[in-house]
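Here's the structure we're looking at; comments come further down.
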Amino acid sequence: MDENSINNIKTTNTHHESLPNMPRLSTIPTSITLSSEQFERLYLSPLLHRQPQYAKQLGNPTPLALGGFVITTTPLSCCLMGWRGAGGNGIAFTGTIVFLGGGLLVITSILEFILGNTFPCVVFGTIGAFWFAFATTMTPAFNAAAPYSSSTTNTLQGLSSPEFLDTYAFFYLSMAILMIIFLICATRTNAVFVLIFAALTMVFLLLTGAYWRLAVADSLVGNRLVVGAGAFLFIASILGFYMLIAQLFDSVALPIRIPVGDLSGLWDRRKKENPQQDLETNVSSVDDK
């Protein structure tokens, strides 16, 4: 080596030695692996396949639907039970039912569809559509109940007519059957979700009986059944609040873990078909810079 090369090497070494101690580079994980139980807690759906790649860039939409559900069912249940003189079959909550009950649940259903979560997509979509149907029936502009009135123009009179009550009861009965199906499917998720559908099944069955009794002018039994439906709806709303709190606590990584009664291992036919199958999913995480 010539003298200039030796001097350059010395200068470089001196420069490196004079640098302060630099922190060592470390790899920041961009994804985490969820167990089947963790996935079920977040998405209310059993883990059946790997999440699509774009799912890592999306948040969990499930708490949005739960929020809309509880804010709609809680005041409506109080109305059905007649607390503080409330009444009117929930007409006062038409705006709440449309925007919070129907709107938020249908939006969440679309987002769950994008994430590939079939069960919550169907649950939130159908219940959200129910709220839309329920609200529009009570809205005079849609003229759903008015034809049942003597003048064919009075919505309030039409809502209490025997023919309307006998007819609309079949809608509640159909919803009760749907809730039973959801209840069976929910046994693959968690106990709280199962109890919510059990309570909703009772709500629709009691409303069905109430409308049929009111249609024959049996107001005593009919009104008692309406109050009972409100009580079960209140139970469903409390369970919904519980589930919402559990979801939000998990979303912000609070050290408090609220049990929901994991049932993800129940009725798992995949264990019989392929015991070695390991399903994982990646979810996005925020890098602290």
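The values are calculated or read from the model by the stated rules, or taken from the named source; none is laboratory data. Just so we're clear, the structure is a prediction, and the values are computed from it rather than from any experiment. Backbone-built Cβ (ideal geometry, glycine too); neighbour counts: all protein chains shown. The accessibility values were calculated without ligands, DNA or RNA, using every heavy atom of the protein model including side chains. Shrake-Rupley method; radii C 1.70, N 1.55, O 1.52, S 1.80 Å.
On the basis of the beta-carbon distance and an R0 of 22 Å, residue 181 and residue 133 show a calculated FRET efficiency of 0.75.
Solvent-accessible surface of region 93-166, averaged per residue with a 1.4 angstrom probe and all protein chains in place: 44 square angstrom. Residue by residue, region 212-219 carries 3J(HN,Hα) couplings of 5, 6, 5, 5, 9, 6, 8, 5 Hz when phi is fed to the Karplus relation 6.51 cos²θ - 1.76 cosθ + 1.60 (θ = phi - 60°); x denotes Gly or Pro. Full extension of the chain segment joining residue 266 with residue 221 gains 12.3 nm, where the gain is 0.36 nm per residue of separation less the Cα-Cα distance. Taking amide H positions as modeled 1.01 Å from N, with prolines and chain starts lacking one, the residues under 5 Å from residue 262 and 5 or more places away or on another chain are 191. For region 66-137 versus region 165-241, the spacing of their alpha-carbon centroids is 14 Å. In whole percent, and with a 1.4 Å probe on the protein chains, what portion of the accessible area of region 97-193 is carbon and sulfur? Taking all protein chains in place, region 97-193 shows 77 percent carbon and sulfur surface. On the basis of the beta-carbon distance and an R0 of 22 Å, residue 253 and residue 58 show a calculated FRET efficiency of 0.75. Residue-wise HN-Hα couplings along region 99-104, as the Karplus relation 6.51 cos²θ - 1.76 cosθ + 1.60 with θ = phi - 60° gives them from phi, are 7, 8, x, x, x, 5 Hz; Gly and Pro carry x. Remark: spin-label model distance residue 143-residue 126 equals 3.1 nm, labels positioned 7 Å along the Cα→Cβ axis. With a simple spin-label model that places each label point 7 Å from the Cα along the Cα-to-Cβ direction, the separation between residue 245 and residue 151 comes to 4.9 nm.
Couplings for region 166-177, taken from phi via the Karplus curve 6.51 cos²θ - 1.76 cosθ + 1.60 with θ = phi - 60°, read 4, 6, 5, 4, 5, 5, 5, 5, 5, 5, 5, 4 Hz in order; Gly and Pro are left as x.
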